[in-house]
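Peer 1: Take this structure first; my questions come after.
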Amino acid sequence: MKIVTLMEDTACAPGFACEHGLSFYLETDGRKLLFDMGQTDLFLQNAAACGVDLSEVDTAFVSHGHYDHGGGLAAFLAVNGHAPVYVHAQAFEPHFSHKPDGIKDIGLDAALAESPRLRRVSGVTNIDEKLTLFSDITGTDCVPQGNRTLYERENGEYVPDRFVHEQSLLVREGDKAVLFTGCAHRGVVNICARARALLGRDPDVVVGGMHLFSPSSGKSEPDENIRAVAARLADTKSRYYTCHCTGQHAFDVLYETLGERIAFLAAGSIIKV
């Protein structure tokens, strides 16, 4: 399986654009997939630089209803006229962040909510024998404190976001299984546990953000919380590739425990698993 990081907060070389956002392109045996689309259309620029033709993508996914993962949706729909885009049924509901200058809308473009290209799902969705989307996370271990600045709206009031709109993707190829987490607002430990229950074993590889850094506050999770996550991940048999909302400091702390089992991705990175 080939995984290309089309967008991330940092770039692996000067020739790649970067922004606060996330996008992965995947090639499996017979499939070309897009998981998230960054904040703007910049992921298109990086795709071209990596030799990726997004018009050939056959299936796309938006991990949750935040602009830094689905802000490039319109751009993708413009360059690809056929791929269905799987979103959670509640992804287009309003979502907000409490930033230093007040509460700001960080949701998806409501004008796209009725696009016929969207496939609205929830719970566990087996797209085929190799692709499974799931959002039914019940665990509450090691949930990021950074979630406290994120809201949804209920009866006209801002309330803590429950992240029911967040979904993760399991991709199987041969005897390998790879889990894509988006931002892991529900806690990467809990998402990995649900993936284990669905697979009957740990995923071979886990790719995505872990929300151990809050862009709203500019702070990482407390080190003791990061080490608690690291200890739980160390008990699995998975290898981890992280990026985006994990943050460099949290990565360094995770590395103390996980060592070479964890690596940091940047825009333009290409890995094969």
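The values are calculated or read from the model by the stated rules, or taken from the named source; none is laboratory data. No experiment lies behind these values; they were computed from the predicted model shown. Reconstructed Cβ throughout: ideal geometry from the backbone, glycine too, with neighbour counts over all protein chains shown. All accessible areas refer to the heavy atoms of the entire protein, side chains included, with ligands and DNA or RNA removed. Shrake-Rupley method; radii C 1.70, N 1.55, O 1.52, S 1.80 Å.
Peer 1: How many of the residues in segment 87-105 are within 12 Å of Asp161 (Cβ to Cβ), assigned to a strand (DSSP E or B) and in contact with a His (Cβ under 9 Å, 6 or more places away or on another chain)?
Peer 2: Adding up the residues that qualify gives 2.
Peer 1: If you go through segment 59-86, how many residues are outside any helix (DSSP H, G or I) and either crowded, with 24+ Cβ neighbours inside 10 Å or at pLDDT below 95 (or both)?
Peer 2: The total comes to 9.
Peer 1: Please name all residue pairs, on different chains or six or more residues apart, with Cβ atoms under 6 Å, provided the first residue is in segment 16-37 and is closer than 9 Å to His69 by Cα and the second residue is part of a strand (DSSP E or B) and among the hydroxyl-bearing types (Ser, Thr, Tyr).
Peer 2: Between residues of segment 16-37 that are closer than 9 Å to His69 by Cα and residues that are part of a strand (DSSP E or B) and among the hydroxyl-bearing types (Ser, Thr, Tyr), the close pairs are Asp36/Ser23; Met37/Ser23.
Peer 1: The conditions are (1) at positive phi; (2) buried (at least 23 other Cβ atoms within 10 Å of the Cβ), and Gly218 fails exactly one of them. Which is it?
Peer 2: (2)
Peer 1: If a residue has to be open to solvent by 30 Å² or more (accessible area, probe 1.4 Å), small (Gly, Ala, Ser) and within 16 Å of Ala266 (Cβ to Cβ) to count, how many in segment 21-58 make the cut?
Peer 2: Number satisfying all stated conditions: 1.
Peer 1: Select, from Val178, Val207, the only residue that is within 17 Å of Ser23 (Cβ to Cβ), open to solvent by less than 10 Å² (accessible area, probe 1.4 Å) and touching a Pro at 6+ places or on another chain (Cβ under 7 Å).
Peer 2: Val178 is the lone residue from the list that is within 17 Å of Ser23 (Cβ to Cβ), open to solvent by less than 10 Å² (accessible area, probe 1.4 Å) and touching a Pro at 6+ places or on another chain (Cβ under 7 Å).
Peer 1: Okay, moving on. Restricting to segment 5-20, name every residue that is surrounded by fewer than 21 Cβ atoms within 10 Å (Cβ to Cβ) and in a strand (DSSP E or B).
Peer 2: Going through segment 5-20, the residues surrounded by fewer than 21 Cβ atoms within 10 Å (Cβ to Cβ) turn out to be 10-15, 17-20.
Correct list: Ala11 only.
Peer 1: I'm trying to understand the selection: among the residues of segment 25-58, which are part of a strand (DSSP E or B) and either of a type in the set (D, E, K, R) or farther than 16 Å from Leu77 by Cα (or both)? Working first, answer last.
Peer 2: Step one: of segment 25-58, the residues part of a strand (DSSP E or B) are 25-28, 31-35.
Across segment 25-58, the qualifying residues are Leu26, Glu27, Thr28, Arg31, Lys32.
Peer 1: Quick check on Gly71: is it without any contact (Cβ under 8 Å) to a residue 12 or more places away in the chain and either within 30 Å of Asp175 (Cβ to Cβ) or in contact with a Ser or Thr (Cβ under 7 Å, 6 or more places away or on another chain) (or both)? Steps first, please.
Peer 2: Numbers: without any contact (Cβ under 8 Å) to a residue 12 or more places away in the chain: no; either within 30 Å of Asp175 (Cβ to Cβ) or in contact with a Ser or Thr (Cβ under 7 Å, 6 or more places away or on another chain) (or both): yes.
Judged against the criteria, Gly71 is not a match.
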